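> Mind having a look at this structure? Questions to follow.
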Amino acid sequence: MGGGSQAHRQHRRSGARCETGNRRQGGVAQPPGDAARCIEALEKVGYSHLADHVLPDRLLFLVRLAGADQGARTYHLHVAEVEGVYLERHLLFRDYLRAQPATAREYARLKYELASRYRGDREAYTVAKTAFVSAIIERARA
């Protein structure tokens, strides 16, 4: 695994563990205690919690390089529930690509093509690759 950003290295060294599980209270997502501690720990080392992106079984964080404009993402981090559907799907997909290098290359080509086609439109990029990802997850489950 690569070195990552300073924020990422600091978080790994801190040994922080987080549990997610956003709960809604009055229409507003309320992270449980463990998630709140996770958010606080990650924000201390440079991550920004994207609280307006309410996801059922994960928290979303963003890191920008110093000097990057406000719209530029350097990278993002998902903190997922250990027993959540998101993590299960993510690991099935990852493990399948590791076991099937030709499919991994196909996915890489697709991502480059879509990144070029949907430059600046992250939502369209994500939607465009969803069918491929879902098909791979179904193959992995078979």
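The values are calculated or read from the model by the stated rules, or taken from the named source; none is laboratory data. Remember, it's a predicted structure, so these values are computed and weren't measured experimentally. Backbone-built Cβ (ideal geometry, glycine too); neighbour counts: all protein chains shown.
> Restricting to segment 88-142, count the residues that are surrounded by fewer than 16 Cβ atoms within 10 Å (Cβ to Cβ), within 15 Å of the chain's Cα centre (by Cα) and not hydrophobic (A, V, I, L, M, F, W, C).
Matching residues across segment 88-142 total 5.
> Would you call Val85 of a type outside the set (Gly, Ala, Ser) and either within 11 Å of the chain's Cα centre (by Cα) or at pLDDT 85 or above (or both)? Spell out how you get there, then give the answer.
Working: of a type outside the set (Gly, Ala, Ser): yes; either within 11 Å of the chain's Cα centre (by Cα) or at pLDDT 85 or above (or both): yes.
It is true that Val85 is of a type outside the set (Gly, Ala, Ser) and either within 11 Å of the chain's Cα centre (by Cα) or at pLDDT 85 or above (or both).
> Could I ask something else about it? Name the single residue, out of those in segment 80-95 being free of Cβ contacts under 8 Å to residues at least 24 places away in the same chain and of a type in the set (D, E, K, R), that is nearest to Arg141 (Cα to Cα).
The residue in question is Glu88.
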